[in-house]
Amino acid sequence: MTSIGKLSLMAASAALMACSPQAAEQVPEPTQAAAQQDNVSPAGLEIIPVTVTTDDGTHVFTTEVAATTEEKARGMMFRTEMAPDEAMIFPYNVAEMLGFWMRNTVLPLDIIFIAEDGTIINIEDGVPYNETSVRSAAPAVAVLEIIGGRAEELGIEAGDRVEW
């Protein structure tokens, strides 16, 4: 093989290596902070502020939006941590009777059912791994999930207002 042939072969090999899976694996993943700067969680969900107004004041949660059917089905499954000021909201287009279960959900949650006018209908305990649904007491347009016990800690109760 001539030296020009060897150089061509080396150049072609280098070009192939740049497109190989190994090269792609070397690209660093965006950090959680970088992802959140773009209003997207590490799970790929949009992040919005959700405000709960009680008689004692307001509480703002950094909230992931589970908007699609797939995102709603996955919800908080397999998550092992959630900060006290974090939440997940499940919005619906029309008010309906809703039921939520805790299949594959590790963390205890407060499951907050929200009416069309933004008032809290009821709050139920989400017990880890429980496959029995907890239900809204009336048609709801959204469910807000926060870490278990946090609603009581903050004085959040039925009749309080939620805005997003």
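General remarks:
- The chymotrypsin sites (Phe, Trp or Tyr not before Pro) of region 83-142 meeting both criteria, a DSSP state outside H, G, I, E and B (loop) and at most 15 other C-beta atoms within 10 angstrom of the site's C-beta, are TYR129.
- Unit charges on C-beta of K, R, D, E only; dipole of region 59-148, Debye: 240
- Protection proxy ranking of 146-156, 102-112, 77-87, by the mean of other Cβ atoms within 10 Å over each peptide's residues and highest first, is 102-112, 146-156, 77-87.
- Projected label distance in nm at ALA83 and GLU163, using a 7 Å step from Cα toward the beta-carbon: 2.2
- Packing here is the average count of other Cβ atoms within 10 Å per residue, and on that basis the peptides 133-144, 50-61, highest first, run 133-144, 50-61.
- Rg over Rh, two decimals, region 101-140 (C-alpha only, Kirkwood Rh): 1.02
- Region 24-164, Rg to Rh (Cα coordinates; Rh as Kirkwood inverse mean 1/r): 0.98
Readers should treat all values here as calculations from the given coordinates under stated rules, not as data from a laboratory. Since the model is a prediction, treat every value here as computed from it, not as a measurement. Reconstructed Cβ throughout: ideal geometry from the backbone, glycine too, with neighbour counts over all protein chains shown.
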